[in-house]
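Read-outs: derived from the displayed coordinates by stated rules, not from any lab. The structure displayed is predicted, hence computed values, not measured ones. A quick note on method: Cβ atoms are made from the backbone with ideal geometry, for glycine too, and the neighbour counts reach across all protein chains shown.
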Amino acid sequence: MLCSLSQLKEKDLAQIQALEKEIGQPILAFSCHETSPALLDADGLDKVQALEKQLGLSLVAVNT
């Protein structure tokens with residue numbers, strides 16, 4: 001399973017913000033997708049890791 005921060009509709013965001021105000025704590029919204037990691041050869045893995053280092057973030061190759 002792969003999860004990321006959700007892209008919210010304005011009305012959904014407003015409901016979350018109202019709840020944040022009510023409970024006095026920030027809330028993060030995540031969306032998750034069923035997927036599995038791709039099996040990469042050594043060259044592919046090296047390229048993914050090099051780009052991760054260059055961009056300063058984490059990348060995941062997945063099966064389509």
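Between Leu8 and Glu20, the contour length at 0.36 nm per residue exceeds the Cα-Cα span by 2.8 nm. Only lysines eight or more places from Lys21 in sequence, or on another chain, were considered; those with a Cα closer than 19 Å are Lys9, Lys11. The relative contact order of the chain comes to 38 percent, based on Cα pairs under 8 Å that sit 6 or more residues apart. Over the residues of the chain, the helix contribution to mean residue ellipticity at 222 nm works out to -14000 deg cm²/dmol, using -39500 (n - 2.57) for each DSSP H run of at least 4.
For the chain, the longest principal axis of the alpha carbon atoms and the long axis of helix 42-55 meet at an angle near 40°. Put a plus charge on the Cβ of each Lys and Arg, a minus charge on the Cβ of each Asp and Glu, and nothing anywhere else: the dipole of the chain about its Cα centre is then about 180 debye. Just one of (i) 14.2, 44; (ii) 17.2, 51; (iii) 10.7, 33 is Rg and Dmax of the Cα atoms in Å calculated from these coordinates, so which is it? Correct label, based on the coordinates given: (ii). Placing unit charges on the Cβ atoms of the charged side chains and taking the dipole of the chain about its Cα centre, the candidate lying farthest along the positive direction among Leu13, Met1, Gly56 is Leu13. Projecting label points 7 angstrom from Cα along Cα→Cβ for Val60 and His33 puts them 1.0 nm apart.
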